[in-house]
């Protein structure tokens with residue numbers, strides 16, 4: 001029997017995390033019809049200090065999802081439209097000379113927000129893309145030798161159009177590795193699209209969403225998630241999956257140590273969102289694809305056979321033995 005019971009972690013209030021996550025998901029679904037799994041992944045990343053890469057065709061609601069999540073939190077929302085002529089100063093901000101005061105002043109860029117939408121991130125040059133690296137990893141920005149902490153909670157939601165390649169720049173592996181999860185909304189079902197049309201005719205828009213929680217609640221939830229128990233057996237199972245990506249003949253780049261940390265932390269968050277103070281193997285299995293697939297590089301021969309990293313990770317997870325509960 002697979003492991004499904006562990007002693008409760010002392011001082012961990014997972015019920016508050018579960019309630020907060022449910023409220024956020026319900027609030028966002030006022031404007032995003034269906035797609036509860038993708039919304040839950042975005043909420044998970046927020047609660048686990050992670051960032052989200054939304055890879056999908058135009059018009060599926062990526063921007064609406066980011067705005068709705070920010071509105072649900074009553075957090076500051078920032079948006080950067082990435083274009084080839086965008087420079088790092090447009091992201092971080094610039095020091096300018098104020099002639100009336102006779103001194104330099106710093107004008108903050110859009111990165112000094114709490115929910116940051118990096119729209120079509122692959123349309124900017126690698127130099128501009130790299131302006132986000134420090135912020136995503138350390139929640140700070142350095143401009144002209146001065147380091148400033150970013151407001152908390154801070155999360156980047158970047159959109160990526162996988163279809164249109166003209167005028168785009170590939171995201172480097174170092175950038176991809178800093179996104180905790182990759183998600184996709186996809187096209188809605190017929191019934192969902194009908195409901196969407198009815199809602200928007202009635203005026204349901206992200207601007208109309210009332211906050212369902214606060215930034216302080218999110219920060220408290222993060223501390224509770226940190227205390228969720230990861231048993232040694234479950235941790236070993238997680239590491240077996242990570243090792244499998246590094247030894248797979250279908251991959252030329254396996255999962256990094258940062259990926260191991262992300263998968264463990266995401267599993268803790270997912271367990272708390274389900275009302276558990278401990279992680280089970282199913283949490284790891286559930287999150288392996290959204291956490292790992294975008295970080296990996298398939299061998300050329302594998303790509304020619306049409307096997308994407310999503311399928312490779314799925315196969316590796318299925319072939320990795322699940323730990324058994326000790327009698």
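The values are calculated or read from the model by the stated rules, or taken from the named source; none is laboratory data. These figures come from a predicted structure and were not determined experimentally. Because the Cβ atoms are built from the backbone with ideal geometry, glycine has one as well, and the counts that use them run over all protein chains shown.
Listed values, structure above:
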quantity: Flag if residue 27 is assigned to a helix (DSSP H, G or I) and surrounded by 16 or more Cβ atoms within 10 Å (Cβ to Cβ); calculated: yes
quantity: Hits in segment 50-87 - residues which are over 21 Å from residue 109 (Cβ atoms) and within 10 Å of the chain's Cα centre (by Cα); calculated: 50, 54
quantity: Which numbered condition residue 304 fails, given (1) in contact with a strand residue (DSSP E or B) (Cβ under 7 Å, 6 or more places away or on another chain); (2) at pLDDT below 95; calculated: (1)
quantity: Selected residue [exposed (fewer than 15 other Cβ atoms within 10 Å of the Cβ) and modelled with pLDDT under 85] from 173, 166; calculated: 166
quantity: Candidates 28, 33, 87 - the one that is in contact with a helix residue (DSSP H, G or I) (Cβ under 9 Å, 6 or more places away or on another chain) and closer than 13 Å to residue 115 by Cβ; calculated: 28
quantity: Segments classed as helices (runs of 4 or more DSSP H), wholly inside segment 211-327, with at least 2 members that are outside the structural domain of residue 74 (by TED's automatic domain parsing), in contact with a helix residue (DSSP H, G or I) (Cβ under 8 Å, 6 or more places away or on another chain) and surrounded by 15 or more Cβ atoms within 10 Å (Cβ to Cβ); calculated: 215-226, 232-247, 257-273, 281-292, 309-319
quantity: Enumeration of residues in segment 194-207 that are modelled with pLDDT under 70 and surrounded by 11 or more Cβ atoms within 10 Å (Cβ to Cβ); calculated: 196, 199, 200, 204, 205, 206
quantity: The lone exception for residue 160 - which of (1) within 20 Å of the chain's Cα centre (by Cα); (2) touching a residue at least 24 places away in the same chain (Cβ under 8 Å); (3) over 21 Å from residue 289 (Cβ atoms) it fails; calculated: (3)
quantity: The lone exception for residue 179 - which of (1) assigned to a loop (DSSP other than H, G, I, E, B); (2) in contact with a strand residue (DSSP E or B) (Cβ under 6 Å, 6 or more places away or on another chain); (3) farther than 28 Å from residue 242 by Cα it fails; calculated: (3)
quantity: Tally, over segment 49-60, of residues that are in contact with a strand residue (DSSP E or B) (Cβ under 9 Å, 6 or more places away or on another chain) and either without any contact (Cβ under 8 Å) to a residue 40 or more places away in the chain or closer than 19 Å to residue 17 by Cα (or both); calculated: 3
